[in-house]
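A short worksheet on the structure shown next.
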């Protein structure tokens, strides 16, 4: 069973920030939050992950609430190539760490 | 290209036939995963290897499915006596390990199976 809840779809205008929310209210202390995305007909692509601090890399920023029950993935300047399904996944470290995907959020970036 | 490679990209077969897919992970990645994805759904875990040892199998992996990773390098996934319900995208991923950054899984482009 997926441990995360995401809206099924979102729209964003090109050049604007895309803020994708994720609820993971049952997250455990040893579980990381991972974000992947899947562009049509391709395999999932890793974006970013975090434990409790906010994280930023060249692709995105990850904001995790203080109680760790939710997070937001931010694409600061969305482009048409960011149109994809975005998956928020919680996964423990130090174990097999198979990824349990939900149905994700389909982000449509428009002109 | 040093990413995860999967072959073939597409496979069309008749019901009852056997099929085999191959996955070449990123060099030096000791963990290799297989997932299956049907239309409109996220990928579902099937099995994973650490080096040549198959350490976990999902209940989704029926007796008709078998996976191997000889010598801890490439892996094969075989489906015997295919059924129409086996039609899906089969994804392979690899990772260095399971601690923090090492648990990042890198996916191949997948093999799309169509069973007629």
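In square nanometres, what is the average projected area of the Cα convex hull of chain A?
It is 6.7 nm².
Of A:19, A:54, A:30, which is the most mobile in a GNM of chain A whose springs link Cα atoms less than 10 angstrom apart?
A:30
Given the options A:52, A:69, A:98, state which has the largest fluctuation in a GNM of chain A using a 10 Å cut-off (strictly under) for Cα springs.
Highest fluctuation among the options: A:98.
Could you run the Debye sum over the Cα atoms of region A:17-78, one equal point scatterer each and no solvent, and tell me log10 of I(q)/I(0) at q = 0.19, 0.26 Å⁻¹, two decimals?
Scattering profile of region A:17-78, log10 relative to I(0): -0.70, -1.14.
How far is it, in nm, from the label point at residue A:57 to the one at residue B:64 when both lie 7 Å from their Cα along the line to the Cβ?
In this crude label model, residue A:57 to residue B:64 measures out at 3.8 nm.
Pairs of Cα atoms under 8 Å, at least six residues apart: use those to get the relative contact order of region A:1-69, whole percent.
Relative contact order, region A:1-69: 23 percent.
Considering only C-alpha atoms, what is the centroid distance from region B:47-84 to region A:6-64, in Å?
One Cα centre to the other: 29 Å.
Assuming R0 = 22 Å, what is the FRET efficiency of residue A:40 and residue A:14, from their Cβ-Cβ distance, to the nearest 0.05?
The computed FRET efficiency comes out at 0.80.
Counting residues in region B:19-116 as N, plug N into 2.2 N^0.38 Å and put the Cα Rg over that result.
1.03
Remind me, relative contact order of chain B in percent, using alpha carbon pairs under 8 angstrom and six or more residues apart?
Computed value for chain B: 36 percent relative contact order.
Taking every alpha carbon pair in region B:4-60, what does the distance histogram look like in 5 angstrom bins from 0, in percent?
Reading upward from the zero bin: 4, 14, 19, 26, 22, 10, 3, 0.
What list do you get for A:59, B:89 if you sort them by fewest beta carbons within 10 Å?
A:59, B:89
State log₁₀ I(q)/I(0) for the protein assembly as shown at q = 0.08, 0.15 Å⁻¹ as given by the Debye formula over alpha-carbon point scatterers of equal weight, solvent excluded.
Each listed q corresponds, in turn, to -0.29, -1.00.
Mean-square fluctuation check for chain A, GNM, Cα pairs under 10 Å: which of A:41, A:25, A:70 is largest?
Comparing A:41, A:25, A:70 in a Gaussian network model of chain A, the most mobile one is A:41.
Where Rh is the Kirkwood radius over the Cα pairs of region A:46-95, the temperature 10 °C and the viscosity 1.306 mPa s, what D in µm²/s does Stokes-Einstein return?
Here the translational diffusion coefficient equals 131 µm²/s.
What order do you get for B:36, A:81 when you list them from fewest to most C-beta neighbours inside 10 Å?
Least to most surrounded, the residues fall as A:81, B:36.
The numbers here are math on the coordinates, done by the rules we state, and not lab data. What you see is a predicted model; the values in this text were computed from it and never measured. Neighbour counts are summed over all protein chains in view; Cβ atoms, including those assigned to glycine, are modelled from backbone coordinates with ideal geometry.
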